[in-house]
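Structure record follows, encoded as structure tokens.
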Amino acid sequence: MIIRDATQEDISKIVEVHRNAFQGFFLTTLGRGFLTRLYEGFLFKNDGILRVAIADGEVIGFSAGTTTPETFFAELRRDKWLSFLRAAIPRLMLNPAVVIKKLYHALFYKGDPIESLESAALLSSIAVDPSCTGKSIGKVLLEDYELQVSQRSKLEYVYLITDKFGNERVVNFYKKLQYIQDSEFCQSGNRVMLRFIKKII
Ligand SMILES: CC(C)(COP(=O)(O)OP(=O)(O)OC[C@H]1O[C@@H](n2cnc3c(N)ncnc32)[C@H](O)[C@@H]1OP(=O)(O)O)[C@@H](O)C(=O)NCCC(=O)NCCS
């Protein structure tokens, strides 16, 4: 297996891994077009990081994030809001009230910067195709992401946000890789989220 920067040709495979790994999640329900725009954002925007794990020529996992979480999503929204909206239209038609509320949050999400930590990169998303989990691919992807952050910036921390409930496997995965729970907060009203951080230098 190798891990490398993603290219435009990898985007459709990244989207498939996302759809397989995050089944039922709101962003997944917005469809391939929306996910394509989202991951292209990490690929093409300054300060985005998009890495892929490749085995036998196939994308089997990826990591995505940014070294400037406080501005990255605001700029992405400013530059791409229309294409995000267009991509979400089919889903929007099905349940406008719910989708608009959640889409608003998705597009206006700034990565919840940590007040007490200024020097932190955000890991937005990490996934391994379900057919390949439990083989240390996630671990290697996460360690690679931390290395990328330290090579591309002077940031001292990586942080991420994940669900508190129904998510033991993922929480254990981060704990095992030395991430420490920093805080807990509610998102979209009643979804309890945990913020984990790790000092990388
Ligand atoms: C979370 C995810 C990326 C982990 O990838 P993975 O390749 O299955 O994980 P790994 O095999 O690399 O496991 C890494 C370490 O975590 C540990 N771990 C994994 N699952 C665990 C569990 N349920 N309980 C305790 N430890 C666990 C492993 O023991 C391993 O440690 P080791 O190498 O010392 O044995 C993957 O399961 C996934 O894509 N999940 C769906 C998407 C998701 O929720 N992503 C995270 C939110 S953004």
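Just for region 132-168: of the residues that are of a type in the set (Ser, Thr, Tyr) and touching a residue at least 24 places away in the same chain (Cβ under 8 Å), which one is nearest to the ligand (Cβ to nearest atom)? Lay out the reasoning, then the answer.
Of the residues in region 132-168, the ones of a type in the set (Ser, Thr, Tyr) are 133, 136, 145, 150, 153, 157, 159, 162.
Going one step further and asking which of them are touching a residue at least 24 places away in the same chain (Cβ under 8 Å), we end up with 145, 150, 153, 157, 159, 162.
Values: 145: 11, 150: 20, 153: 20, 157: 17, 159: 12, 162: 5 Å.
My answer is 162.
Each row is one residue, and each column tells you yes or no for (1) basic (Lys, Arg); (2) crowded, with 18+ Cβ neighbours inside 10 Å.
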| site | (1), (2) |
| --- | --- |
| 118 | no, no |
| 129 | no, yes |
| 165 | no, no |
| 193 | no, no |
| 199 | yes, no |
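Screening region 1-91 for strands (runs of 3 or more DSSP E) wholly inside it with 1 or more residues that are buried (at least 22 other Cβ atoms within 10 Å of the Cβ) and in contact (Cβ under 8 Å) with a residue 24 or more places away in the chain returns the ranges 48-55, 58-66.
Just one of (1) touching a helix residue (DSSP H, G or I) at 6+ places or on another chain (Cβ under 8 Å); (2) surrounded by 14 or more Cβ atoms within 10 Å (Cβ to Cβ) fails for residue 187. It is (2).
When you scan region 62-84, do you find a residue that is of a type in the set (Gly, Ala, Ser), more than 16 Å from the chain's Cα centre (by Cα) and under 27 Å from residue 136 (Cβ atoms), even just one? No; the residues of region 62-84 include none that is of a type in the set (Gly, Ala, Ser), more than 16 Å from the chain's Cα centre (by Cα) and under 27 Å from residue 136 (Cβ atoms).
Here residue 41 clears all of (1) within 13 Å of the ligand (Cβ to nearest atom); (2) touching a Gly at 6+ places or on another chain (Cβ under 8 Å); (3) small (Gly, Ala, Ser) except the condition numbered (1). Among the residues of region 115-146, which ones are of a type in the set (A, V, I, L, M, F, W, C) and more than 13 Å from residue 177 (Cβ to Cβ)? Selection gives 117, 120, 121, 122, 127, 128, 132.
Give me the helices (runs of 4 or more DSSP H) completely within region 94-189, filtered to those with at least 3 residues that are among the β-branched types (Val, Ile, Thr) and at pLDDT below 95, ordered by residue number. Walk me through it before giving the result.
Working: elements: 96-108, 137-152, 168-176.
Qualifying helices (runs of 4 or more DSSP H): 96-108.
Within region 5-46, being in contact with an Asp or Glu (Cβ under 9 Å, 6 or more places away or on another chain) and among the charged types (D, E, K, R) holds for 13, 16, 32, 45.
The values are calculated or read from the model by the stated rules, or taken from the named source; none is laboratory data. Just so you know, these numbers come straight off a predicted model, no measurement behind them. Virtual Cβ from ideal backbone geometry, glycine too; neighbours counted across all protein chains shown.
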